[in-house]
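S.K.: I'd like to ask you about the structure that follows.
The numbers here are math on the coordinates, done by the rules we state, and not lab data. The structure displayed is predicted, hence computed values, not measured ones. Positions of Cβ are backbone-derived with ideal geometry, glycine not excepted, and every protein chain shown enters the neighbour counts.
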Amino acid sequence: MSNPDKVIPWWQGRLKERDLMAAFFAKTWNKIGNRIAVMFPDSVKDLYYSAGRLAGLEAQSEYFKIGKQKPPGDFKGIIEFIKMTLETLIVPFGDITIAKLYKLWLDEEAIIEIGNNPYASGYDADEPSCYFLKGFIEAVLEYLTDFNKIQYEKLIVTEDTCISTGEKTCTFKITMTYPARGTP
């Protein structure tokens, strides 16, 4: 839970516009989260995760429909698209990087890092808590792999580190495992 006694610097009137907006977003997100936790204490994770999935489906659908863009057709392109949508639509105040992007034998993996993540700042948790972002990333990844008919054995998105647990960044590891050759 967030600490209601913790003073976020924007209340002190010393922040630049971007920092002010990030702090305002973080404080508002935490207040909404606290109210959801009171009303639905056993469903917070599921509600945020489902909202993230819905946002992911809507974001990519509208982006390709309105922009008449062709969706990316490979893992690298999909990861770059996820980064772009996160930084322009979902976390415009965070610092988003693709920390790693590599291919192993049957796996392709990527690590997306989000610094200054307003979804996690001001929130204290024992485990990574960016369920909304995890749902968003999964939905976009699943949609684009299905759209491109990319055959995979499994897709896994995990949040390995989170600002809410005291880490410097929120880190999402994305793994796509391809079926071994010769298997249907």
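S.K.: By counting other Cβ atoms within 10 Å of each Cβ, how are F172, F147, F136, F75 ranked from fewest to most?
M.R.: So the ranking, lowest neighbour count to highest, is F147, F75, F172, F136.
S.K.: Suppose every K and R has +1 on its Cβ and every D and E has -1 on its Cβ; what is the size of the dipole of the range 83-184 about the Cα centre, in Debye to the nearest 20?
M.R.: So the magnitude is around 420 debye.
S.K.: Using θ = phi - 60° and the Karplus curve 6.51 cos²θ - 1.76 cosθ + 1.60, what whole-Hz ³J(HN,Hα) does each residue of the range 83-92 get, with Gly and Pro shown as x?
M.R.: 4, 4, 5, 4, 6, 9, 10, 9, 10, x
S.K.: Okay, moving on. Under the rule a/c < 1.5 gives rounded, and otherwise a/b versus b/c splits prolate from oblate, where does the range 38-77 land using the Cα gyration tensor?
M.R.: oblate
S.K.: Now for a different question. What list of ³J(HN,Hα) values in whole Hz, one per residue of the range 129-135 in order, does the Karplus curve 6.51 cos²θ - 1.76 cosθ + 1.60 (θ = phi - 60°) give from phi, with Gly and Pro shown as x?
M.R.: 3J(HN,Hα) across the range 129-135, in whole Hz: 10, 8, 5, 4, 5, 4, x.
S.K.: On to the next question. Any idea what % of Cα-Cα pairs in the range 90-142 are farther than 12 Å?
M.R.: Tail fraction, whole percent: 73.
S.K.: Listing D42, D124 from the residue with the fewest other Cβ atoms within 10 Å to the one with the most, what is the order?
M.R.: Starting with the residue having the fewest Cβ neighbours, the order is D42, D124.
S.K.: While we're looking at this one, here's another question. Along the Cα-to-Cβ line of E62, 7 Å from the Cα, sits a label point; which residues in the range 68-95 have backbone N less than 20 Å from it?
M.R.: Counting only backbone N, you get 68-72, 81-94.
S.K.: Given 10 °C and 1.306 mPa s, compute D for the range 11-177 with the Stokes-Einstein relation, Rh being the Kirkwood radius over Cα pairs; round to the nearest whole µm²/s.
M.R.: 96 µm²/s
S.K.: Could you please rank K103, K173, K70, K134, placing first whichever residue has the fewest other Cβ atoms within 10 Å of its Cβ?
M.R.: Taking fewest neighbouring Cβ atoms as first place, the list is K70, K103, K173, K134.
S.K.: I've got another one for you. Summing +1 for each Lys or Arg and -1 for each Asp or Glu, what net charge is found among the other residues whose Cβ lies under 13 Å from the Cβ of N117?
M.R.: Neighbourhood net charge equals -3.
S.K.: Right, next: If the only charges are +1 at each Lys and Arg Cβ and -1 at each Asp and Glu Cβ, what is the size of the charge dipole of the range 11-177 around the Cα centre, to the nearest 20 debye?
M.R.: Charge dipole, the range 11-177, about its Cα centre: 540 debye, nearest 20.
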